[in-house]
Amino acid sequence: MTTQQICRLDELPEYGGKELELNGKAYFAVRFGQDVYAYRNYCPHLGLPLNLMPEQFLDYDKRYIQCSSHGALFKVETGLCVAGPCQGKSLQPLATEIIEGTVFIISPTLVNNSDT
Ligand code: FES
């Protein structure tokens, strides 16, 4: 299994995000409590990046990942869109792992990217 270190957990603020580039594609990671979730930065509505502001991926209430373009809301834990123009579709996930306070992601070559 191929993993890549992205940062220390304590470098990610609670509910904070981090933009990533892997194999020429944009991804992001968000911290949610003591967990970190990562997805491709690609909205299933129009294929636009989810964020307009650097490192900001969550909605005002810090409950959902929000697309800045048309407001779609995605569950942080699963990437499922629960409201907005792409309801029922999902973000493309990356597996994450936290080992001794360091956040790793599974290589995107192991993830099914059906739109590429
Ligand atoms: S591009 Fe994300 S909701 Fe429209």
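The table below lists the values:
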| read-out | value |
| --- | --- |
| Residue list for the range 11-34, filter: among the acidic types (Asp, Glu) and either at pLDDT 95 or above or farther than 10 Å from Val103 by Cβ (or both) | Glu14, Glu19, Glu21 |
| Strands (runs of 3 or more DSSP E) enclosed by the range 15-116 - at least 2 residues per element that are in contact with a Lys or Arg (Cβ under 8 Å, 6 or more places away or on another chain), closer than 24 Å to Thr2 by Cα and aliphatic (A, V, I, L, M) | 25-32 |
| Yes/no for Arg40 being away from the ligand (no atom under 16 Å from the Cβ), at pLDDT 95 or above and either loosely packed, with under 14 Cβ neighbours inside 10 Å or under 22 Å from Arg8 (Cα atoms) (or both) | no |
| Check on Leu58, surrounded by fewer than 16 Cβ atoms within 10 Å (Cβ to Cβ), within 16 Å of the ligand (Cβ to nearest atom) and within 14 Å of the chain's Cα centre (by Cα) | no |
| Selection from the range 1-19 of residues that are out of contact with any Cys (no Cβ under 9 Å at 6 or more places or on another chain) and surrounded by 20 or more Cβ atoms within 10 Å (Cβ to Cβ) | Ile6, Gly17 |
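The values are calculated or read from the model by the stated rules, or taken from the named source; none is laboratory data. Quick caveat, the model's predicted, so the values are computed rather than measured. Glycine also receives a Cβ, built like all others from the backbone with ideal geometry; neighbour counts cover every protein chain displayed.
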